[in-house]
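Bear in mind that the values in this text are calculations on the coordinates, not laboratory data. Treat the numbers as computed from the prediction; the structure is a model and nothing was measured. No Cβ is skipped: glycine too gets one built from the backbone with ideal geometry, and neighbour counts run over all protein chains shown.
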Amino acid sequence: MRKLLKGAAIQALIGFTALIGTGSAALAANDCPHGALHYGVIPSDASAGFVPLYHKIGHLISAKLGCPVDVEIGTSYTATIEAMRAGKIDAAEFGPLSYVLAHQIADAQAVATYAKADGTPDTYTASIVTWPGSGITTLKGVAGHTFAYSDPASTSGHLFPAYALKSAGIDPDHGVKAIYAGSHTASYEALLNHKVQAGEMNSPEIASAQVAGIYNPKDFVTLWTSQPIPQDPIVVRGNLPPAFKAKLSEVLAHLDLSSIPPDEAKIIGLHGKGYIPAKDADYDGIRSLVSVLHLNLSKMGS
């Protein structure tokens, strides 16, 4: 059984860990920004397989691009956004909400997303859950109780659960005793161990827990499930040198991830063979929810 990372182990995982992938010599080092591609990842999962998985993805990008790739796991969603705004990362995988913020303040440009097995854009779901014996049996019953979000800039870990609570007449900020666990895994662990009475849980985290053999549906009571959410966008920084940005965008938009073992692929919710092209307008639905909830994205990224 996989042990979920705790305390210092989680901090070590998400503390902008640099993992250097060695690529082919198709591009000389000086043809790459800073001599390498700096690839950022939000800390959405704290499982033991998360960092090695993105190391593998970094190697696949490197082999196609011909650049060394440094994979950098952010300390938070907004830390990864700020790193792109500061020019410290050149490409990244964001969640849909963190992408909308990164597009606004860091010139992030969506070029790819995950594909289903049939080659169409993949989706995932958010949910609000509690556990048997918590005393909560309906979504309205969450009011006044401890509630685990994952990160303020998380789509399934904040935006969609907050919308669900608001739709049920609960102030998502003050109508619950909110905590931000830092990752979906940390939120899952808080629920599993009854550290909170309710909280968010997304479908990739459930799949990851199933792979680890630690998910039993009898441990949870699902109070609400979202409609399908667009999968994570893969983005490039808009002010990269044009020729390099064009090549990088092409590589990312058609990257084949079929060599990733199936159990590892479940950590990121991968159901197909890899990435397919995506565009900014694919995330306009996320912007609509931001408007409904009156979220201040500029403040979120400050």
- Expressed in nanometres to one decimal, the distance between label points 7 Å along Cα→Cβ at ALA246 and SER258 is 2.9
- Order these peptides, 163-173, 53-63, 261-271, by their mean beta-carbon neighbour count within 10 angstrom, highest first. 53-63, 261-271, 163-173
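Fewest to most neighbouring Cβ within 10 Å: what's the order for VAL211, VAL71?
The most exposed by this proxy come first: VAL211, VAL71.
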- Order of CYS67, CYS32 from fewest to most other C-beta atoms within 10 Å? CYS32, CYS67
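What's the long-distance tail for segment 124-229, i.e. % of Cα pairs beyond 16 Å?
When all Cα pairs of segment 124-229 are counted, 49 percent exceed 16 Å.
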- Item | Residue-averaged 222 nm ellipticity for the chain, from DSSP H runs of 4+ at -39500 (n - 2.57), nearest 500 | -9500 deg cm²/dmol
- Note on the structure: Env charge @ HIS254, Cβ radius under 11 Å, K,R +1 / D,E -1, value 0
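Arrange the peptides 108-116, 229-237 so that the one whose residues have, on average, the most other Cβ atoms within 10 Å appears first.
Values: 108-116: 23.6, 229-237: 26.0.
Order by mean packing, descending: 229-237, 108-116.
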- Message: For a quick size check, give me the Cα extents of segment 27-137 along its three principal axes, largest first, whole Å.
- Response: 61, 33, 28
- Task: Given the options LEU101, LEU289, LEU37, state which has the largest fluctuation in a GNM of the chain using a 10 Å cut-off (strictly under) for Cα springs.
- Result: LEU289
- Item | Ordering of 180-192, 145-157 by burial proxy (mean other Cβ atoms within 10 Å per residue, highest first) | 145-157, 180-192
- Task: For the chain, just run the numbers: alpha carbon Rg, then divide by 2.2 N^0.38 Å, N being how many residues it has.
- Result: 0.97
